[in-house]
Amino acid sequence: MKPKVFITKKVSKEVKEYIGNYCDFQVWDSEDPIPREILLKEVEEIDGLLNHSNKINNELLDRAKHLKVVSNMSVGYNNFDIEAMKQRNIIGTNTPGVLNETVADTVMALILASARRVTELDRYVKEGKWNKLIGEDLFGTDVHDTTLGIIGMGRIGTAIARRAKFGFNMDIIYNNQTRNLQGEEELGAKFCPLDELLQQADFVLMMTPLTEKTRDMIGAREFSLMKDTAVFINASRGETVDESALYHALKNGTIRAAALDVYVKEPVDPQNPLLQLNNIVTLPHIGSAVKKTRDAMAMMAAENLIKALQGEEPPNIIEEHKTK
Ligand code: DGY
C-alpha cells in the first residue's frame, strides 16, 4: 500500500505528479488557508504532511497517529513544536537555500522603498496632491554609503549584504548566534554586539529565525538605542518584534520609518494601528513569493517528504531532528 499524504496548499502539477509516483495524496486546492478543523480531520490517516505555516502542535499530533514526517514548504519552521514531534518520532524538514536570492531582492525593495518613501509618494501623486514643487518635507534619505545592520546574518542575510555592499557601497555590521566568517571575508562585514549595532546602523534589518530566544527581541529599549533617522525592516517573523513598541517608536519619531513584510498575526488585522502610519511601507509576507521560487520550494519539500517516507534521512531535516 502506498503511503498517504496531505498537501495543505496549492502546488504545481509537477509536484503533484512527483508525489503521486510514490503516495496517495489529497490536496487543499484553494487560495484560502485550510480551516484548522478540516486539517485536524485530514491528518488522522496520513503518513506525511506537505505543509505551509500550519501549527504542528500536540493538538494536531494527537490526531495524527500514523504521521512520520511534516515537510514545510518554507525555510522557517517556527510552526513546529519540535519537542512534541521528537517525542513521537516525527521528523520535520524545511527548504533552505532555494529562496535566498528572491528574499534578498524583496528586502532591497523594502529598504529602497522606505528610504525614498516610494509608496507614500506614489499615493501622493495618484491622489492628485502633486500641484507644487516638492519641498523638504517629502525628501527621503540615501541608501548608498550608509550602514546596514543585519540581525541574523545567515544565508539570506548574506545574500542581502552582498547586494548592499556591491550595489550600494554600504558598510555591513551584523549580530548573529555564530560568526559569519564568509560574510566577514567576502563583504568586510563586522560582527557587533546587538546594542552597538542598534546605535550604529542607518538601516536595522531583522532576519533572524523566530525561536524562544528571538521572540520579542526588539522592543522599546532597542528602538530607543537606534538613531532617530534609522529605518527598521522586518522580513523574519512578526513575533521577533514588539509591535506596540514599534508603533510608538514610529509615531513619536524615535526612529524615522519601518518596512514590514511580516506581522504577529497574519493576515494582518486591518485595524492594526501600524497600518495607519505614513512612515511604514508594508507587504503581505511575500519575501519568497515568485512563482519559480515557490515552485522550487514546494518541489524541495516534496523530495524531503518522499525521502522520509522511504525511511531515509531527508536532505533538509531540521537541525533539532538530526540523528547524526
Ligand atoms: C519562509 O520560507 O520561511 C518565508 O518566510 C516564506 O516566505
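So, for the chain, what is the accessible surface per residue at a probe of 1.4 Å, expressed in square angstrom?
50
For region 138-171, which chymotrypsin sites (Phe, Trp or Tyr not before Pro) are both in a DSSP coil and crowded by at most 11 other Cβ atoms within 10 Å?
F139
For region 100-282, what is the number of Lys pairs with C-alpha distance below 27 angstrom, counting only pairs 8 or more positions apart or on separate chains?
Within region 100-282, the lysine pair count is 11.
Pick from K132, K55, K13 the residue whose mean-square fluctuation is largest in a GNM of the chain, springs joining Cα atoms under 10 Å.
K132
Report the antiparallel proportion of the DSSP beta bridges in the chain as a percent, rounded to a multiple of 5.
5
Using the Cβ atoms and a cut-off under 13 Å, what net charge is assigned to the surroundings of I34, where Lys and Arg are +1 and Asp and Glu are -1?
Local net charge: 0.
From Cα coordinates alone, what are the radius of gyration and Dmax values for region 100-282 in angstrom?
Taking only Cα atoms of region 100-282, I get Rg and Dmax of 16.0, 52 Å.
Would you please calculate the Kirkwood hydrodynamic radius of region 74-143 over all C-alpha pairs and express it in Å, rounded to one decimal?
One decimal place: 16.2 Å for the Kirkwood radius.
Packing-wise, with mean Cβ within 10 Å as the measure, how do 121-128, 78-85, 59-66 rank, highest first?
78-85, 59-66, 121-128
Short version: ³J(HN,Hα) in whole Hz for each residue of region 187-201, in order, from phi by Karplus 6.51 cos²θ - 1.76 cosθ + 1.60 (θ = phi - 60°), x for Gly and Pro, what are they?
For region 187-201, the Karplus-derived couplings read 10, x, 5, 10, 5, 9, x, 3, 4, 5, 4, 4, 6, 9, 6 Hz, x marking Gly and Pro.
Where Rh is the Kirkwood radius over the Cα pairs of the chain, the temperature 37 °C and the viscosity 0.692 mPa s, what D in µm²/s does Stokes-Einstein return?
Answer, rounded: 156 µm²/s.
Relative to the compact-globule scaling 2.2 N^0.38 Å, provide the ratio for the alpha-carbon radius of gyration of region 202-242.
Relative to the rule-of-thumb radius for its length, region 202-242 sits at 1.11.
Using the C-alpha gyration tensor of region 101-209, what are the square roots of 5 times its eigenvalues, in whole angstrom, with the largest one first?
31, 14, 12
The values are calculated or read from the model by the stated rules, or taken from the named source; none is laboratory data. Bear in mind that the values here come from a model prediction, so they are computed numbers and not experimental data. Heads up, the Cβs are rebuilt from the backbone with ideal geometry, glycines too, and the neighbour counts pull from every protein chain shown. To get the accessible areas, we keep the full protein, side chains included, count just its heavy atoms, and leave off ligands, DNA and RNA. Shrake-Rupley method; radii C 1.70, N 1.55, O 1.52, S 1.80 Å.
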